[in-house]
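Chemist: One structure coming up, written as structure tokens, with questions to follow.
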Amino acid sequence: MPLIVQDPTSPTEDANSYMNLVDARALAETMAVELPVDDTEAEKAIIKATQYINSFEKRIDGTRVNLLQSTSFPRKDATVNCEPFPEDEIPNAIKRAVIVASGFYGQGQDMFGGVDNGRSIAREKVADLEVAYFENGATASSISSSQIESIMSMFMCNSFGSNNILVGRY
């Protein structure tokens, strides 16, 4: 699937990226992030990374400009480092976060990961089927990136769960 870049001045339902491949490669180079050499694989990594970054939406200030748009940005009432951000732009920091996540996807790592039931097989018997497990407890295979978390935190000034305290008079 080719990249369909979100137009910040007229957001659409079918966009799957915040930047085209040329811009993504240029930004990745400035950030020392390796994208797949193959253009199709790089585009897949960017699309998956965009989906991952969009998963932060409930924690990001503001609302979508168009409720039907496919990406989290552009946004009304968005803030960057607690300062208002124009609703007809996509922050460069969002693009940087997508590049970081694209690097992980390009290496074959899934940022969403999966969760197993925490049971690993210790013993297995085929005749009369016998299975024994150990290490009970949930384990997750998703990846956490402090670099992505750090970038995304700049969009969460007033979001629930942030470290800010809002004080007002009633």
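The values are calculated or read from the model by the stated rules, or taken from the named source; none is laboratory data. Predicted, not measured: the structure shown is a model, and the values here were computed from it. No Cβ is skipped: glycine too gets one built from the backbone with ideal geometry, and neighbour counts run over all protein chains shown.
Chemist: State which residue is surrounded by the most Cβ atoms within 10 Å (Cβ to Cβ) when the search covers only the range 14-32 and only residues that are closer than 22 Å to MET154 by Cα and among the polar types (S, T, N, Q).
Modeler: Among those residues, the one meeting the criterion is SER17.
Chemist: Continuing with this model, one more query. For the range 20-32, does any single residue satisfy the condition of being modelled with pLDDT of 95 or more, outside any helix (DSSP H, G or I) and of a type in the set (S, T, N, Q)?
Modeler: Yes; the residues of the range 20-32 include at least one that is modelled with pLDDT of 95 or more, outside any helix (DSSP H, G or I) and of a type in the set (S, T, N, Q).
Chemist: Ok, one more. Do we have THR40 as among the polar types (S, T, N, Q) and at pLDDT 95 or above here?
Modeler: Numbers: among the polar types (S, T, N, Q): yes; at pLDDT 95 or above: yes.
Spelling it out, THR40 is indeed among the polar types (S, T, N, Q) and at pLDDT 95 or above.
Chemist: So, one more: How many residues are surrounded by fewer than 17 Cβ atoms within 10 Å (Cβ to Cβ) and in a loop (DSSP other than H, G, I, E, B) when one looks only at the range 33-66?
Modeler: First, pick out the residues of the range 33-66 that are surrounded by fewer than 17 Cβ atoms within 10 Å (Cβ to Cβ): 34, 37-41, 55, 57-59, 63, 66.
Going one step further and asking which of them are in a loop (DSSP other than H, G, I, E, B), we end up with 34, 37-38, 55, 66.
Final tally of qualifying residues: 5.
Chemist: Right, another one. Testing ASP61 on (1) in contact with a Cys (Cβ under 7 Å, 6 or more places away or on another chain); (2) under 21 Å from GLY106 (Cα atoms), one condition comes back false. Which one is that?
Modeler: (2)
Chemist: While we're on this one: If the requirement is being hydroxyl-bearing (Ser, Thr, Tyr) and under 18 Å from the mean Cα position of the chain (by Cα), which of these qualifies: THR9, THR50?
Modeler: Working: THR9 fails: under 18 Å from the mean Cα position of the chain (by Cα).
Every option except THR50 fails the conditions.
Chemist: Here is a follow-up. Within the range 98-106, is even one residue crowded, with 19+ Cβ neighbours inside 10 Å, assigned to a helix (DSSP H, G or I) and touching a Gly at 6+ places or on another chain (Cβ under 6 Å)?
Modeler: In the first step, residues of the range 98-106 are kept if they are crowded, with 19+ Cβ neighbours inside 10 Å; the result is 98-106.
Still in the list and also assigned to a helix (DSSP H, G or I): 98-106.
Filter once more, so that each one left must be touching a Gly at 6+ places or on another chain (Cβ under 6 Å): none.
Within the range 98-106 (the criterion being crowded, with 19+ Cβ neighbours inside 10 Å, assigned to a helix (DSSP H, G or I) and touching a Gly at 6+ places or on another chain (Cβ under 6 Å)), the answer is no, since none of the residues qualifies.
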